Amino acid sequence: MKNYLLSPKFMRSALPGVSLAILLMAIFYTQPRAMSYFGLNLMLQYTVPIALATIAQMFILTVNDLDLSIGPFVGLTACIGATLLQTDPVFGVMALLACIAAYAGLGALIHWRNLPSIVVTLGMSFVWLGIAVLILPTPGGTAPAWIKAIMGFKVTFQLFGYNVVPPFPVFAAAIIAIVVHLGLMRSSYGVVLRGAGGNPRAISRAGWSMLKIKMTMFALAGLFGVLAGLSLIGLTSAADAHIADRYTLYSIAGVILGGGEFVGGRVSPAGAVIGAMTLTLAGSFLIFLRISPDWQVGAQGGILILVLALRALINWREAR
Amino acid sequence: MTGNLAGILRKLGDKPWIWSYLGMILIWLATVTYTMGQGGGSIISAALSFATFTVIVGIGQMFVITTGPGNVDLSIPATIALSGAICMKVMDGSNAMLPVGVLIALGTGIAVGAFNYMLIRVLRIPPIIATLSASFLILSTAIAYGRGLKIKPPPLLADFTTMKIAGIPLLAVFIIVFAILASILLNRTLYGRSVLAIGQNMRAAWLAGINVERIRYATYTLSAILAGFCGLLLAGFSGGASLDMGSEYLLASIAVVVIGGTSVAGGKSNIPGIWGASLFMFLLVTMLNTFGASAGIRLIMTGLIIVAVITVAGGDKQQR
Amino acid sequence: MSSPSGNIVSLSGVAKSYGAVRALVGVDLLVDAGECLGLVGHNGAGKSTLMNVLAGTLVPDRGSIVVSGGDRTANYKVSLAHDLGIRCVFQELSLCPNLTVAENARIFHPNLKGWGWRGRAGRMIIGKLDEIFPNHGIADDDVVGDLSIGKRQMVEIARAFTVTDEPLHLVILDEPTSSLDAVTAQQLLTFMRKVVGEGRSCILISHLLGEILGYSDRIVVMRDGAVVAEKPAGAFDRNSLVAAMGDVADEDKIEAHERIEKARGETPVVVRACPQTAGNGRELIAHKGEIVGLAGLAGHGQTRMLLQIYDAVGKRTASTDVAGPVSLVAGDRQTDGIFHLWSIGQNVTVRSLRSMVRGLLIDPAREKAQAEEWKDRIKIKTPDMANNILSLSGGNQQKALFARALGSDAEIVLMDDPMRGVDIGTKLEVYDLIRQEAEEGRTFLWYTTEMDELHNCDHVYVFRNGRIVAELSRSELTEEKVLQSSFEESAAS
């Protein structure tokens, strides 16, 4: 047992959870009042959209690509959600579906021409931003009431005769992690999708279509990008084309923090959600430490480097 | 022997940067036609002014991208912001301190380059993630250091960066000369040849006696130094440093490299193309402005052109 | 479904070329139901290319493919081959390292899905592993990337024999025992005989002639992309099989170039290296001006030895001592040698640029001079050295790589089986040049898988499993001795 706990394999998989736990303990130590329903809800508020965007990025990374446009894309869907979806639901839903279809098309284009995804998505980030600006030139709009209702939902259930009220972001994050885990890690087609990142040649040799796989993964990323945008306006009530620009960086960092690898189809949905939570909490922690908000971004970079350094250390130990 | 049309066309095909210049001229003609010849000269003058800064960082980015797939410097905007902030604060508007400012820009670049490469080499972090997380830290340093910074640049620097002789910006002349020097660096020196060799095949380069790691280190440092100088000059040009003055150069630096005919798969690069692409990008925005296109349309067009160029030029064997 | 007496597969006139290289030149191949066909030949003889055609991963330029009596030449591909009951265990592994053993089984069987697929896949693959390799020690939820290379190969083999609801007629095993130890190799071969006994067919490719002679019913020998011999296994013995495989290249020419034997040790030692893997105390020594051969079967540590020497230049390491600058001639041109965007001239001069710098810049005149000098000296067939390197044939590309090494300041030249896929004319020219350079004091370390090339060497080290197992001087060198030491234990089985 002790050997297992010290094995590089276990340490690698435990790293995301341990990082989150340490961060949480540090927060509760510096600010005990945060250990409440209200406190957790507040600190973790933005977990849901960030986790959804991180999952979107994870789908792309699974097939060895990278999406540098997910932030502006989330911004665009937020703008659609706060305008078209509110004023003309049918048209709004169609616009969101078109967004997902566009993502699938990008996957097809990247596979067909064997293009570097980083450049294609970089270009698309302009396009998403441009459309968002056209739809909503100045910050504003209103989120549909039903989205706000969902995001403000108070979960209650009975456990051993007690009423348990988990903070909504924690509840939602758990649901997201479980659903994606079942779909990608447990289902029989999910295996093929992940295999395409591990050894694409073996997958096509076994008779699967890489084009279909890429399109599926990009479409899934588009779907989760849409969900991220909608959940975001559920929290903010209004939208802005630039509302989610940071999400590109957050999503990449979240996947990596969660133990996902850059290539080779090694990803973890649960890890990605934990990674997104860690990033969200890092900001709150700094506020509690009374460190100026200037260092918010820096701290996120620092945590990312720290976790990657730990992982490099574990790998190095394993290699010896 | 001479005057063979097919031969000329083939020669043109070998020089992909021609297209960016052709595109630039066409767009300029379209703009001038629309305005009935009004302001054709001043458009070129403005284009030269603004493209200069894109060219500076574009050249650094080009060397990085040339070292092969997966190599890209995402820390350029943060480095611009940091260098600009420190330079302005230390020089404090004094002409006498200008040499110190230059040294600081240089020093910032060297430090950032070393840090980036340390992450890549020691922690084995993929360059995209390494430069991304480094940029978080650098940006935070810049924000913390430069908060509320409203310092005017030394008059000498301001004059140098904005001076025009017969409508031609002085700085642009300097950077044209610099681009020629960079071209010589790329094609006629051991360093340049090594970069090109590494980009084609890192293993073959090692087996051909090239010190691969030293060259990569030098390349990331070169990119960071150029970003540092860009920060200094940009602060002088725009009358002081601002923290987001680098943000547009993340996408722009990569876009001009790709549009300018440098292969994202590495090993093939083009410096004249960077000038052409930078002017092209600026003139495109100017043209859309002249036509009365909104900000959204301008963004969409920019993005679509990047995607179109990579789709036509792409199809290389490498991914990412 | 199967036709018990008829043949499963019939290939006729299959040809495939890669650019100027002809990998297959019209091959006929028959596989009967219930037989094990042994397929042998040297590296590059076309065995793997032929098997890729049969597995549907490679489309031939010409030829017809008939499976179970039906002509399938048109739109023959992997999924069709799979549906027709043809499976292939490829030489390079086709497992996904990020997936578990059970998940890899699922990849292979498109109809393995629905509720409880994971359990079914796991039971199926573990059941087959139990059947072939008792006590294999592999669990269905082990991640493949964490398994040893031997266990991965076991998984891959077992997976090829699993059946859901499509038929299984023929399994191609391409060097299946290369990563297995003696016990598991034995288990596999025994299982293979059992499967054949049940009326299914196997094609066995192996460099271990003992396996081929002992376990196949019929043996097909390939050389230079063609079938050169085909007899029942009983009609061959080891010697006749080696003779059928062996190159019979212009022996008289080789003889004419025999060098005068020199006593060892008259010149100083320039390379001393001990293989890092499993040392048995034997080390490789090269004296100045010597041509030292590294022999043995492909992939038994020779390349690693060369890279170890290459990496040790300018460093002091315990196991390796190198005196003087080193250059390397790559054998795998595409991955280790060629800069595909550059001209022939640039490819030649890249190793020598340091000496062409005047001031800070590379002098184009000197660069051109070196390119032209070597164009003449090594006879690179091109109108212009400024043409792209890929405009050359394979042999001439290789000459450019030789020119790169020989034109440099290197005193020691490492050669990593550089004559793979090079025509005989080019070879003879380069041999002359190497001997000439050695006379002038350069040292050559030459890894080769071709027997006749060893006759150019003054001293030969035979490698097996990363170790030096024999050391032969020029007078002791015979093909039998090299083969004997190369096979030793493994062939004794």
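The values are calculated or read from the model by the stated rules, or taken from the named source; none is laboratory data. These numbers come from a predicted model, not from an experiment. All Cβ positions, glycine included, derive from the backbone under ideal geometry; neighbour counts span all protein chains shown. Protein only, heavy atoms only, side chains kept; ligands, DNA and RNA dropped before computing areas. Shrake-Rupley method; radii C 1.70, N 1.55, O 1.52, S 1.80 Å.
Just a few scattered comments:
- Output for the range C:110-125, where each listed residue is more than 8 Å from every other protein chain (Cβ to nearest Cβ), modelled with pLDDT under 90 and within 37 Å of the chain's Cα centre (by Cα): C:Asn111
- In this entry, A:Ala244 is excluded by the filter for residues that are more than 10 Å from chain B (Cβ to nearest Cβ), surrounded by fewer than 22 Cβ atoms within 10 Å (Cβ to Cβ) and closer than 24 Å to A:Pro139 by Cβ.
- The set of residues in the range C:39-51 being in a loop (DSSP other than H, G, I, E, B) and either within 14 Å of another protein chain (Cβ to nearest Cβ) or of a type in the set (A, V, I, L, M, F, W, C) (or both) consists of C:Ala45 alone.
For (1) open to solvent by 40 Å² or more (accessible area, probe 1.4 Å); (2) touching a residue at least 24 places away in the same chain (Cβ under 8 Å); (3) over 21 Å from the mean Cα position of the chain (by Cα), each residue gets a yes or a no:
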residue	(1), (2), (3)
C:Leu294	no, yes, no
C:Ile309	no, yes, yes
C:Lys315	yes, no, yes
C:Asp321	yes, yes, yes
C:Gly331	no, yes, no
C:Gly337	no, yes, no
C:Asn347	no, yes, yes
C:Ser352	no, yes, yes
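- From the list C:Leu54, C:Leu80, C:Leu58, the lone residue that is within 20 Å of A:Ser209 (Cβ to Cβ), within 14 Å of chain A (Cβ to nearest Cβ) and not in a loop (DSSP other than H, G, I, E, B) is C:Leu80.
- Restricting the first member to the range A:170-198 and to residues that are under 15 Å from A:Met58 (Cβ atoms) and more than 10 Å from every other protein chain (Cβ to nearest Cβ), and the second to residues that are open to solvent by less than 20 Å² (accessible area, probe 1.4 Å) and among the aromatic types (Phe, Trp, Tyr), the beta-carbon pairs closer than 8 Å and six or more apart or on different chains are A:Leu184/A:Phe59.
- The range A:249-262: number of residues that are assigned to a helix (DSSP H, G or I) and surrounded by fewer than 24 Cβ atoms within 10 Å (Cβ to Cβ): 1
- If you go through the range A:133-155 and pick out every residue that is open to solvent by 20 Å² or more (accessible area, probe 1.4 Å) and out of contact with any strand residue (DSSP E or B) (no Cβ under 8 Å at 6 or more places or on another chain), you end up with 15.
- Members of the range B:124-156 found to be of a type in the set (A, V, I, L, M) and either under 20 Å from the mean Cα position of the chain (by Cα) or within 21 Å of B:Phe63 (Cα to Cα) (or both), listed by number: B:Ile125, B:Ile128, B:Ile129, B:Ala130, B:Leu132, B:Ala134, B:Ile138, B:Leu139
- Flag: A:Gly130 matches the condition of being facing another protein chain (nearest Cβ under 7 Å) and open to solvent by less than 40 Å² (accessible area, probe 1.4 Å).
- Cβ-Cβ contacts under 6 Å between residues 6 or more apart (or on different chains), taken from a first residue in the range A:291-320 that is closer than 15 Å to A:Leu257 by Cβ to a second residue that is charged (D, E, K, R) and assigned to a helix (DSSP H, G or I), are listed as A:Ile314/A:Arg12.
Conditions tested, residue by residue: (1) in contact (Cβ under 8 Å) with a residue 12 or more places away in the chain; (2) among the polar types (S, T, N, Q); (3) more than 14 Å from every other protein chain (Cβ to nearest Cβ); (4) in a helix (DSSP H, G or I).
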| position | (1), (2), (3), (4) |
| --- | --- |
| B:Val112 | yes, no, no, yes |
| B:Tyr117 | yes, no, no, yes |
| B:Thr131 | yes, yes, no, yes |
| B:Ile143 | yes, no, no, yes |
| B:Lys150 | yes, no, yes, no |
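- For the range A:278-298, the set of residues classified as in a helix (DSSP H, G or I) and out of contact with any Phe, Trp or Tyr (no Cβ under 8 Å at 6 or more places or on another chain) consists of A:Thr278, A:Leu281, A:Ala282, A:Gly283, A:Ser284, A:Phe285, A:Ile287, A:Phe288, A:Pro293, A:Asp294, A:Trp295, A:Gln296, listed by residue number.
- Of note, C:Ser240 does not satisfy the criterion of being at pLDDT 80 or above, of a type in the set (Gly, Ala, Ser), under 18 Å from C:Val9 (Cα atoms) and under 23 Å from the mean Cα position of the chain (by Cα).
- Scope the range A:21-41; condition under 22 Å from A:Val164 (Cα atoms) and touching a residue at least 40 places away in the same chain (Cβ under 8 Å); matching residues: A:Leu24, A:Ala34, A:Tyr37, A:Leu40, A:Asn41
- Residue within the range C:88-97 that is open to solvent by 30 Å² or more (accessible area, probe 1.4 Å), within 13 Å of chain A (Cβ to nearest Cβ) and modelled with pLDDT of 85 or more present: yes
- The set of residues in the range C:186-218 that are closer than 18 Å to C:Ser10 by Cβ and surrounded by 21 or more Cβ atoms within 10 Å (Cβ to Cβ) comprises C:Arg200, C:Ser201, C:Cys202, C:Ile203.
- Filtering B:Leu82, B:Leu74, B:Leu106 for residues that are facing chain A (nearest Cβ under 10 Å), touching a residue at least 24 places away in the same chain (Cβ under 8 Å) and closer than 23 Å to B:Asp244 by Cα leaves a single hit, B:Leu74.
- Failed criterion for A:Cys79 (all others in (1) over 30 Å from A:Val263 (Cβ atoms); (2) touching a helix residue (DSSP H, G or I) at 6+ places or on another chain (Cβ under 8 Å); (3) in contact (Cβ under 8 Å) with a residue 60 or more places away in the chain; (4) away from chain B (no Cβ under 11 Å) hold): (4)
- The single residue among B:Thr219, B:Thr262 that is surrounded by 20 or more Cβ atoms within 10 Å (Cβ to Cβ) and within 13 Å of chain A (Cβ to nearest Cβ) turns out to be B:Thr262.
- Residue within the range C:393-402 that is more than 23 Å from the chain's Cα centre (by Cα) and either touching a residue at least 40 places away in the same chain (Cβ under 8 Å) or open to solvent by less than 70 Å² (accessible area, probe 1.4 Å) (or both) present: no
- For the range B:279-286, the condition holds for at least one residue, the condition being that it is within 20 Å of B:Ala182 (Cα to Cα), more than 8 Å from chain A (Cβ to nearest Cβ) and at pLDDT 85 or above.
- Applying the set (1) in contact (Cβ under 8 Å) with a residue 60 or more places away in the chain; (2) assigned to a helix (DSSP H, G or I); (3) buried (at least 18 other Cβ atoms within 10 Å of the Cβ); (4) out of contact with any Cys (no Cβ under 7 Å at 6 or more places or on another chain) to A:Asp67 leaves exactly one unmet item: (2).
- A count restricted to the range B:185-209 and to residues that are facing chain C (nearest Cβ under 8 Å) and farther than 21 Å from B:Asn270 by Cα stands at 5.
Rundown of residues vs (1) without any contact (Cβ under 8 Å) to a residue 24 or more places away in the chain; (2) open to solvent by 60 Å² or more (accessible area, probe 1.4 Å); (3) over 22 Å from C:Leu189 (Cβ atoms); (4) hydroxyl-bearing (Ser, Thr, Tyr), yes/no style:
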{"residue": "C:Leu99", "(1), (2), (3), (4)": "no, no, yes, no"}
{"residue": "C:Glu103", "(1), (2), (3), (4)": "yes, no, yes, no"}
{"residue": "C:Arg106", "(1), (2), (3), (4)": "yes, no, yes, no"}
{"residue": "C:Trp117", "(1), (2), (3), (4)": "yes, no, yes, no"}
{"residue": "C:Lys128", "(1), (2), (3), (4)": "no, no, no, no"}
{"residue": "C:Ile132", "(1), (2), (3), (4)": "no, no, no, no"}
{"residue": "C:Asp140", "(1), (2), (3), (4)": "no, no, yes, no"}
{"residue": "C:Asp146", "(1), (2), (3), (4)": "yes, yes, yes, no"}
